[in-house]
Structures are given as C-alpha cells and as structure tokens.
Amino acid sequence: MTIKNVVLTGAIALFATATSVAQINILNATTPEDIGKKTAAQIEYDNDEPLPYGYVDERDVLWSKSTWEFVDLDERVNFPLYYPIDTNNIGSERRSLYDVLVGAMKNGTITEVYADSYFTEKRSLGDLDASLVYRDTLDGGYDQINAGEALDPQYVREFTLDAADIEGWKMRGLWYIDKRQGELKYRLLGLCPVAGEARSKAFDDGGGGSDNTVDLFWVFFPAARETLHNAKAFNRKNTSQPISYDHLLNSRRFSGVIYKEDNVQGDREVNEYVVDNSLMQLLESDRIREQVRNIEIDLWNY
C-alpha cells in the first residue's frame, strides 16, 4: 500500500468517526429517547471543551484597537445567529443565540452580564426584567387597586421579548498584533442583543425600526464560551456536522458593520460625526476596517 493510500484511508476513517459522533446516536436509536445519548466510550473520548485561548503577554502586543460592530440579522449570512425562532416544532438541541444566552442566564450558567460594553456595571436577571418583559394592567386591575384590593394576576398582561424580536447583535472585539507570532489577531470580548422595547409588543404604534431599538444586555464572551460551545448552530452545508456558537463567533463567520472604534473623543460613534448620511457612515465603517487590515500589511514593509 502506498503512502497516498494510507493517508487517504486514514482521512476517510477519521471523517467517518467524526460523522458518526456528530449524528449523536440517531442511526442506532430504537426509540426517540435514544437520540442524543452518547456511549460511555464516546463521552470518555470526546474531551468536549472549547479550544482554550493561548496566553498573550502584554509585551507581545505590538498594536491593538477596539472595535464595535453591528450584526444585522436580516442578512442571510447571519441567519444561524437568528434561527430557530419557533421552538415548538423543533428539537431541543437547536436554539437561537438569544435563547441560548437567556436560558443560561436563567439557570445560572452565565453570570457575567453587564449594562454596557465596558463591563463596568453588572446586571442580574432580575435587573433585566424591566427590559425583557412589559406588564400591562387592564382596567379590571385598576378597579381592584382603586378599591384597595389585591391585584389579581388575570388582569395583568405580560409581553416578553423572544428570539423573533431580536433585530441584531452588537459585538465588541479587540484587534491586535502578536509580535511573537507576527500576525494580526482578533479576540471577541462581548455580545449584546438589540431589539425593540418590550412595550412595543403591547402597543403597535407604528414606531418600529432601528431608531426605537435598545441594547438589552452585554455578555462577557470569554465567560460564556463553555455554554456557547455546547450549543450548536445550523450548518447549512452539512447537517451532520453542526458548528458550535463558540466556533462560529471566534472564526468570525458573520457579517458586521463597524459603528464605533476607540478614539480620543470618548469613543464616539460613527453616526455622531457623520450625521444623517447612511452612505458616508458605511464608507467610514469600511475605512476603519481597511485601516485595521493595513496595519498587518504595513508590518512587513521595509
């Protein structure tokens, strides 16, 4: 057997093994309850953890710049972050990015949640209740309150934001040059879902649109990697090989527009100095992106 045949045989075997594990027992299941169960040998073999970041010494960071991007979920390339929005007719192994984060916040898996992208003001799930849920008291409830009676829950309507209401994601990351390896790298730092206010679900006043959207909360990404690694996004090219949200985000498999960079004017946003001109704002975003890319190119100019 030639070396070429040995390599080909090994690659096929490796692919077959990876595929069988990715199916998670669906071909061997005798009942629906068996789907998703791994054998003891598979669990021991997996070592199923997110790939750890390498340590970066401050002395090795030759240059860095923070950027903030907006990821529009109307763009097709960003659909894996948005869908599925209807979880009633789909398996529990598939959830949108928003549902994954909120579910982990509810069960206490994710605790590093903040009010801003600088991670200075921490938030709990109770603090976020006013942003995620709108409660409307009906006339019957006001009659009870005016009569000095306890408010009956049946007179309170609740409107909760869900995955279908998310219009986009804001992401903060750090571009830096590792002089030890001589290359430009990117490290994602935070995620923030952007949606209309929960009140807009109760009162359709025709005021929808990006001008009425709010930042719901910021999640410190490195602290959420374990949760995002265990949650899988849909792989449209090969459904037997789903991709984890951790891998999808770290590999930048999304399309975003830079809306802010760190600058001397208090990190002002692009729309604060390029006013009422969407085209020029987009061109300014592209200029910032090219400026970052050119740093690595200029690094090797002598």
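The values are calculated or read from the model by the stated rules, or taken from the named source; none is laboratory data. Remember, it's a predicted structure, so these values are computed and weren't measured experimentally. Ideal geometry is used to build each Cβ from the backbone, glycine not excepted, and the neighbour counts take in all protein chains shown. The protein model used for the area step is the full one, side chains on, heavy atoms only, and it has no ligands, DNA or RNA in it. Shrake-Rupley method; radii C 1.70, N 1.55, O 1.52, S 1.80 Å.
Using the Cβ atoms and a cut-off under 12 Å, what net charge is assigned to the surroundings of PRO52, where Lys and Arg are +1 and Asp and Glu are -1?
Net charge in that neighbourhood comes out at -2.
Checking the a/c ratio against 1.5 first, then a/b against b/c, what shape does the Cα gyration tensor give for the range 41-146?
It comes out prolate by the Cα gyration axes.
Please compute the net charge surrounding THR137, taking Lys and Arg as +1 and Asp and Glu as -1 over other residues with Cβ under 15 Å from its Cβ.
-3
Answer rounded, prolate or oblate for the range 152-302, using the Cα gyration tensor with square roots of eigenvalues a ≥ b ≥ c: rounded when a/c is under 1.5, else prolate when a/b is larger than b/c, else oblate.
Oblate is the answer for the range 152-302, as a/c is 1.5 or above yet b/c matches or exceeds a/b.
Could you give the length gained by full extension between ALA150 and ALA202, i.e. 0.36 nm per residue of separation minus their alpha carbon distance, to one decimal place? Spell out each step's value before the answer.
On the way: separation 52, 0.36 × 52 = 18.72 nm, distance 2.34 nm.
Extra length available between ALA150 and ALA202 comes to 16.4 nm.
Once you place label points 7 Å from the Cα toward the Cβ at THR111 and GLU290, how far apart are they in nm?
Each label point is offset 7 Å from its Cα along the Cβ direction, giving 4.7 nm.
By its C-alpha gyration tensor, with a ≥ b ≥ c as the square roots of the eigenvalues, how is the range 230-275 shaped: rounded for a/c under 1.5, else prolate for a/b larger than b/c, else oblate?
It comes out prolate by the Cα gyration axes.
Give me the accessible area of SER92, 1.4 Å probe, in Å² rounded to the nearest 10.
SER92 has an accessible surface of roughly 100 Å² with all protein chains in place.
Going down the list LYS37/LYS201; LYS37/LYS65; LYS122/LYS237; LYS37/LYS237, which pairs span over 32 Å between their C-alpha atoms? Let's see the in-between values first.
On the way: LYS37/LYS201 39 Å; LYS37/LYS65 44 Å; LYS122/LYS237 39 Å; LYS37/LYS237 24 Å.
Long pairs (Cα-Cα over 32 Å): LYS37/LYS201; LYS37/LYS65; LYS122/LYS237.
Using 0.36 nm per residue, how much length does the chain from LYS237 to GLN265 gain when fully extended, once their Cα-Cα distance is taken away?
5.7 nm
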